[in-house]
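The values are calculated or read from the model by the stated rules, or taken from the named source; none is laboratory data. Please read these numbers as outputs of a predicted model, since none were measured by experiment. Every residue, glycine among them, receives a Cβ derived from its backbone with ideal geometry; neighbour counts consider all protein chains shown.
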């Protein structure tokens, strides 16, 4: 399944809504931010805030934590911006930095970023159901974004982490393995289980809705 | 390959592209549906990227922290055109030159309108505090905002949104400062700020009229 963001996933961080209000080039904003220009900082923030914040929100499933982490990511960025030499895309740099901030936070909270047990065995509750050939509600039609967001929030942290990094943010398994500190195989396995679990959650959600509408 | 093996293989070959996977999917509608649904999830997941907007609290906290840490230069007052120079790039050097020119013209006009010896305070009556800045605008050839936008549209259409935004900001600022000056006619600071705002507007006109557009 090729990732829909594979083409220019990193270079396409600019939010269309912001383009009109931030016509200053990113390169210029970076140079000015290095000199301590407040407005340049804000230009960079406006350009990347949605992507960074959404990443934090998806990975933590908590609005307050996500805001704190987005704030921390940008502060770290501004503290280190003088060292940015432009060898890599600024957005790639910022995004990787943001992922690291979130991972550090999760480690501090003692949440297993990737639990091998969870990956290979899973708990009864968390593991995807093995319902081969079962008659269940089909996941027909398009998947509503809000429904998917809720389902992602309901994933166990380990599954959620890999799913967000791979399917939402577009990182490859080898990159995820490096960032998270697991094997490539583990990342692949975790991702597959996350998708299966999501499928179950989405189906349950639809079945509940269907039941309610029938009752109503 | 059976259903269990198919599902296990999807972790390694997620696009179900091996011949064994394809062969099984041709004969098993349930597994074919499973693969389709996983594809749907992957496609929908990409839409979650950058989907949420942080609250303004985040930037406020960042700005406060940056100031505390001394990472950003202190700014005395946020000008309505504070972003102007930043966005003008190579033409930015024109700003100080134009400001100087305007100041000279403004002083000259002031001398023409107010005879020598008139007490300084008298020239800043409530009425004058409103009318005097308009002299500065009239200095730009008595042009209206629409004239400016037409000029910009003719000379540099790509700059039009930027001009519109700057014009909107400076007009807002003038309105606010005018109200403040009306409420407190003796407030020298309010009058000075109002004059500054009119000068900035005048500068905007001059830059367009003198074809200093990049």
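Some notes on this structure:
- From the list A:120, A:83, the one residue that fits, being exposed (fewer than 13 other Cβ atoms within 10 Å of the Cβ), over 18 Å from the mean Cα position of the chain (by Cα) and at pLDDT 85 or above, is A:83.
- Wholly within segment B:1-46, helices (runs of 4 or more DSSP H) carrying at least 2 residues that are more than 10 Å from chain A (Cβ to nearest Cβ): B:19-27
- Total residues in segment A:174-189 satisfying the condition of being crowded, with 20+ Cβ neighbours inside 10 Å and more than 9 Å from chain B (Cβ to nearest Cβ): the figure is 5.
- Residue under evaluation residue A:96, criteria (1) within 12 Å of chain B (Cβ to nearest Cβ); (2) over 20 Å from residue A:43 (Cβ atoms), criterion not met: (1)
- Any chance residue A:154 is away from every other protein chain (no Cβ under 13 Å) and at pLDDT 55 or above: yes
- Considering the conditions (1) surrounded by fewer than 23 Cβ atoms within 10 Å (Cβ to Cβ); (2) within 7 Å of chain B (Cβ to nearest Cβ), residue A:91 is excluded by exactly one of them, (2).
- Given (1) modelled with pLDDT under 85; (2) more than 8 Å from every other protein chain (Cβ to nearest Cβ); (3) more than 20 Å from residue A:32 (Cβ to Cβ), number of the condition residue B:56 does not satisfy: (1)
- Flag if residue B:51 is facing chain A (nearest Cβ under 7 Å) and at pLDDT 90 or above: no
- Test result for residue A:192, within 12 Å of chain B (Cβ to nearest Cβ) and closer than 17 Å to residue A:103 by Cα: no
- Residues satisfying the stated conditions in segment B:152-187, i.e. in contact (Cβ under 8 Å) with a residue 60 or more places away in the chain and exposed (fewer than 14 other Cβ atoms within 10 Å of the Cβ): B:172
- Counting residues in segment A:99-116 that are surrounded by fewer than 14 Cβ atoms within 10 Å (Cβ to Cβ), over 18 Å from the mean Cα position of the chain (by Cα), modelled with pLDDT under 75 and at the interface with chain B (Cβ under 9 Å from one of its Cβ atoms) gives zero.
- Each residue in segment B:15-33 was checked for being closer than 30 Å to residue A:55 by Cβ and in contact with a helix residue (DSSP H, G or I) (Cβ under 7 Å, 6 or more places away or on another chain), and 1 pass.
- Of residues in segment A:55-80 being over 19 Å from residue A:35 (Cα atoms), within 9 Å of another protein chain (Cβ to nearest Cβ) and without any contact (Cβ under 8 Å) to a residue 60 or more places away in the chain, the one surrounded by the most Cβ atoms within 10 Å (Cβ to Cβ): A:70
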